[in-house]
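Have a look at the structure below before the remarks.
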Amino acid sequence: MKYLHTMVRVTDLDASLDFYVNKLGLELVRRRDYEKGRYLAAPGSPESEVELTWNWDPEVYTGGRNFGHLAFAVDDIYATCQRLMDAGVTINRPPRDGHMAFVRSPDQISIELLQAGDALPPQEPWVSMSNTGTW
């Protein structure tokens, strides 16, 4: 058995592509404009894909129909969170421990960011930041 991809339903394809590609830093590895076709992957990990599915007939996603959360290892959690904040992304769960943070996509999908390797030493302003919203 081989892991292929994770599918996330989105309500605004342009806003979602902006978030996942321009802000989070994933790469668009292929795109097909039909009901099953936008695939993104973290740089250097093309085998771990995220499929963004925008349905032609919009619907409100409830009860987990769109998904739970995605997780990505990052080289420097503080630099990643700062870059995201500078791009206007809310850090819902700051990396107070130098290890883990959460942000949300435009469709409110939780994205978990984990420090690759050992946790970084706790540092400001992250240590003093409170959670914002839910994650």
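The values are calculated or read from the model by the stated rules, or taken from the named source; none is laboratory data. A quick note: this is a predicted structure, and the numbers were derived from the prediction, not measured. Please note: Cβ atoms are built from the backbone with ideal geometry, for glycine as well, and neighbour counts cover all protein chains shown. Areas reflect the complete protein model, heavy atoms only, side chains present, ligands, DNA and RNA absent. Shrake-Rupley method; radii C 1.70, N 1.55, O 1.52, S 1.80 Å.
The rows are residues; the columns are (1) polar (S, T, N, Q); (2) more than 17 Å from ARG83 (Cα to Cα); (3) at pLDDT below 80; (4) in a helix (DSSP H, G or I).
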residue: TYR20; (1), (2), (3), (4): no, no, no, yes
residue: ASP33; (1), (2), (3), (4): no, yes, yes, no
residue: TYR39; (1), (2), (3), (4): no, yes, yes, no
residue: SER45; (1), (2), (3), (4): yes, yes, no, no
residue: ASN55; (1), (2), (3), (4): yes, yes, yes, no
Inset, instruction - Scan segment 67-78 residue by residue and report those that are out of contact with any Asp or Glu (no Cβ under 6 Å at 6 or more places or on another chain) and modelled with pLDDT under 85. - result: PHE67, GLY68, LEU70
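Identify all residues within segment 102-129 that are among the small types (Gly, Ala, Ser), open to solvent by less than 30 Å² (accessible area, probe 1.4 Å) and part of a loop (DSSP other than H, G, I, E, B); write none if there are none.
Within segment 102-129, the subset among the small types (Gly, Ala, Ser) is 105, 110, 116-117, 119, 128.
Next cut, open to solvent by less than 30 Å² (accessible area, probe 1.4 Å) only: 105, 110.
Within segment 102-129, just SER105 meets the criteria.
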Inset, instruction - Filter segment 79-118 for residues that are at pLDDT 95 or above, of a type in the set (Gly, Ala, Ser) and closer than 22 Å to ASP18 by Cβ and give the result. - result: ALA79, ALA87, GLY88, ALA101
